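The values are calculated or read from the model by the stated rules, or taken from the named source; none is laboratory data. The shown structure was predicted, so the numbers you read here are calculated from the model rather than taken from an experiment. Every residue, glycine as well, gets a Cβ built from its backbone with ideal geometry; the counts of neighbours run over all protein chains shown. For accessibility, only protein heavy atoms count, side chains too; no ligands or nucleic acids. Shrake-Rupley method; radii C 1.70, N 1.55, O 1.52, S 1.80 Å.
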2 protein chains.
Amino acid sequence: MSAEPGSRPAPTLEMVAALAGVSRATVSRVVNGAQSVAPHLAESVEEAVRTLNYVPNRAARTLASRRTHTVTLLVPESTSKVFADPFFATVVEGVTRYLNTTEYMLNIVTSSETDPDKTRRYLMGGNVDGVLVVSHHSGDHSWASLTNSLPVVFAGRPLVNADESYFVEVDNEEGAVAATARLVEGGRRHIGTIAGPQDMPPGVDRLAGWRAALAAGGLDDALVEIGDFTVTSGAAAMRRLLERGKPLDGLFVANDQMAAGAYSVIKEKGLRIPEDIAVVGFDDDYFATSVVPLLTTVHHPISALGEKMAEVLVELIEGRPAARVYRLPTSLVVRDSA
Amino acid sequence: MSAEPGSRPAPTLEMVAALAGVSRATVSRVVNGAQSVAPHLAESVEEAVRTLNYVPNRAARTLASRRTHTVTLLVPESTSKVFADPFFATVVEGVTRYLNTTEYMLNIVTSSETDPDKTRRYLMGGNVDGVLVVSHHSGDHSWASLTNSLPVVFAGRPLVNADESYFVEVDNEEGAVAATARLVEGGRRHIGTIAGPQDMPPGVDRLAGWRAALAAGGLDDALVEIGDFTVTSGAAAMRRLLERGKPLDGLFVANDQMAAGAYSVIKEKGLRIPEDIAVVGFDDDYFATSVVPLLTTVHHPISALGEKMAEVLVELIEGRPAARVYRLPTSLVVRDSA
DNA sequence: TTGTATGCGTTATCAC
DNA sequence: GTGATAACGCATACAA
């Protein structure tokens, strides 16, 4: 039939050596790009490789060199939903983009909540060279202990012990400053914010950025309501903000989903965007372009985050120095809401 | 410091054997669940495994057994966009869901258009046990030749030589029949369709289903326009349909995106959905719930598709029989448009 | 620079 | 049932 596994056995290093008339060691050197090989020998080895269609056996190589050339992308969340999540998918995209420039393979594992210990043992069992940890609770560094036996790079800064692990984060504060500054420069004087959870770094940093920008503009920073990054929490927070009865002509919302929630309440009250209240969001996700008027927001470089994480991990694996923290810049995307 | 790679070497089978006071062979048997081991020995081996926190070395196991326990998900499209694609992401979700019940690892590779040959050699080099091919052009079976050296399962039926490869597809025709039947049963008598490209199986099958349902209802099937599955093509096709000047009170659109396009034209003409024209889509994707009125559509079981593909592949790898074709059932999701 | 020899951690084929 | 022992395909000290 067709799919007889092992129909024609794969060529081995030994076969290449025989055909090229050299030793296996020499073939190994050529294949691994060592310089100490006579040009004419290297030439004939390469020819043999081509005619035999030789490709190194990964398992054998790993066993002999104790380097797997594999990195794991660890997703702590439950399997079912992560892949549908655009954040996660975009991180993966960035990771693979970088990895494709190297010879490392990506191995995605969603740590089964049924048996996290199995995952841990797999990772520490010498089956991978390094680990990338991506979680939505970016404060969650429950896998930090892995660092003792393996290079690990996290997505996002941990809430505590930030100086003990390698991580890449987006400069949330800078983004929030830019967003708020846009409001200030637009002439708004009564600027509120719908902040994110204060037990997550992005929630904290974005609020801090808003405060900093207001302070720079000599404005009052009393109009704060907290949400949990969901659309409905954004709507509820907006309602509370309006009920205060204070003047409000500008609003910075810590993410686009909450901004969408705020939109609905603002419209419901008969207020106009941006005429009555100018709004700036954060993330530049799908919601930013599916609301009317189009949301002015801060672009969150998710793909770049994944790319940088992979880059740092590979540096670590190969023993090159790397900074413990990388903070990625954001950029303001001006649309119609502010 | 912290991330010294190889700080404490992983325990080996040999260490377990020593601790348990048996031979390596016995440990191997216990670890692999062989029955021919005395209970008390198995017991002590398992204890040794626990105390040592032993986990088998994947590379060594692969090298010795010539089975990698790895399957590749091959994505022919260019790296940049696939991950953001909900279809792809959902297939991955289904695949991992099944694989998590086995001991196979998933290895995602996006065949670099720069060097497809490299990918091919990697796959045929004995580095994976099987391949899953996912492409949006489901007719594209350019990787069919892989089947000669490896078990391969495709997503979607190929346009030609459908009896030479293993594939899992969704029952597009059945879905289209159900969608159209809904229209017929709703009393519609002038039912048109916006079909997909006729060089792709889904495009062909959905059109065929529409025809079959109309025939069953004794209705005319002249109102056909072709689109290319994009929103704009849907709008254009709708415009052409309306320009025919024929009566039209029901519409089956071959996917939700084109339905969204049709919506805009229908509304632009001052017609109402579903009062003037009842609409049924196909896919049940994001667009179905982001249009007003909510779209009645056929649910496309993408996650199940991935799950089934993985299941079939594993069957093939382990030498068990599997059907060449699996056709997954769809279901009608009734909302407000029909 | 090139070749020889050994070992990587398992599985598998034998005898026992 | 259990234990030696030989592969598995490659990298790498070491010798030449």
Residue-count net charge about B:Leu271 - beta-carbon cut-off 13 Å; Lys, Arg +1, Asp, Glu -1: 0
Mind checking B:54-65 for the average number of partner chain beta-carbons within 10 Å of each residue's beta-carbon? 6
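For the protein assembly as shown, with only Lys/Arg (+1) and Asp/Glu (-1) charged at the beta-carbon, what is the dipole magnitude about the Cα centre, in debye rounded to 20?
Working: 62 positive and 82 negative charges, 153 e Å.
So the dipole magnitude of the protein assembly as shown works out to roughly 740 debye.
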Other copies of A:Ala25: label-to-label distances in nm, shortest first, labels 7 Å along the beta-carbon direction: 3.5
For chain A, with the dipole built from +1 on Lys and Arg beta-carbon atoms and -1 on Asp and Glu ones, taken about the Cα centre, which of A:Gly281, A:Leu13, A:Ser65 lies farthest toward the positive end? A:Leu13
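Based on the mean of other Cβ atoms within 10 Å per residue, sort peptides B:25-36, A:229-240, A:33-44 so the most packed one is first. Please list the in-between numbers first.
Working: B:25-36: 14.7, A:229-240: 20.2, A:33-44: 11.6.
The most tightly packed comes first, giving A:229-240, B:25-36, A:33-44.
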Would you list which lysines come within 30 Å of B:Lys308, measuring only between C-alpha atoms, while excluding same-chain residues fewer than 8 positions from it? A:Lys81, A:Lys118, B:Lys81, B:Lys118
Would you work out the relative contact order for the stretch A:123-201, in percent, from Cα pairs under 8 angstrom that are 6 or more residues apart? 28 percent
Near A:Asp220, within a Cβ-to-Cβ distance under 13 Å, what is the net charge of the other residues, with Lys and Arg +1 and Asp and Glu -1? +3
So for chain A, averaging the separation of alpha carbon pairs under 8 Å that are six or more residues apart and normalising by length, what relative contact order in percent results? 17 percent
Between chains B and A, total accessible area buried, probe 1.4 Å, no ligands or nucleic acids, nearest 100 Å², roughly 3600 Å²
The alpha-carbon center of the stretch A:156-226 and that of the stretch A:289-318 are separated, in whole Å, by 18 Å
Please calculate the 1.4 Å probe accessible area of B:Glu47, with all protein chains present, and give it to the nearest 10 Å². 100 Å²
Please report, in debye to the nearest 20, how large the charge dipole of chain A is about its Cα centre when each Lys and Arg carries +1 at its beta carbon and each Asp and Glu carries -1 there. 400 debye
If you count only protein heavy atoms with a 1.4 Å probe, what accessible area per residue comes out for the stretch A:13-56, rounded to a whole Å²? 60 Å²
Any idea what angle helix A:86-99 forms with the longest principal axis of chain A, computed on alpha-carbon atoms, 0 to 90 degrees, nearest 10? 40 degrees
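Within 10 Å of each Cβ in peptide A:149-157, how many partner chain Cβ atoms are there on average? Round it to a whole number, please. Show your work: numbers first, answer last.
Values: counts 8, 6, 4, 2, 1, 0, 0, 0, 0.
Average neighbour count from other chains, rounded to a whole number: 2.
Carbon and sulfur atoms: what percent of the 1.4 Å accessible area of chain A do they account for?
On the way: 7910 of 14820 Å².
The computed percentage sits at 53.
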Using modelled amide H (1.01 Å from N, peptide plane; none on Pro or chain starts), what sits under 5 Å from the amide H of A:Leu328, excluding residues fewer than 5 places away? A:Glu169, A:Val170, A:Asp171
What does the structure give for A:238-246 when I average, per residue, the other chain Cβ atoms found within 10 Å of the residue Cβ? 0
All lysines inside 27 Å of B:Lys246 as judged from Cα atoms, apart from same-chain residues fewer than 8 positions distant: B:Lys267, B:Lys269
Highest-first arrangement of A:206-219, A:321-334, where packing means the average Cβ count within 10 Å: A:206-219, A:321-334
Rounded tilt (10° steps) of A:256-268 against the dominant C-alpha axis of chain A: 20 degrees
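Over the stretch A:172-301, what is the mean sequence separation of C-alpha contacts under 8 Å (at least six apart), divided by residue count, expressed as relative contact order in percent? Spell out each step's value before the answer.
Working: 269 pairs, mean separation 33.8, N = 130.
About 26 percent, as a whole number.
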Rounded to 10°, Cα long-axis angle of helix B:201-217 versus longest principal axis of chain B: 50 degrees
Counting pairs of Cα atoms in the protein assembly as shown, how many percent are more than 36 Å apart? 52 percent
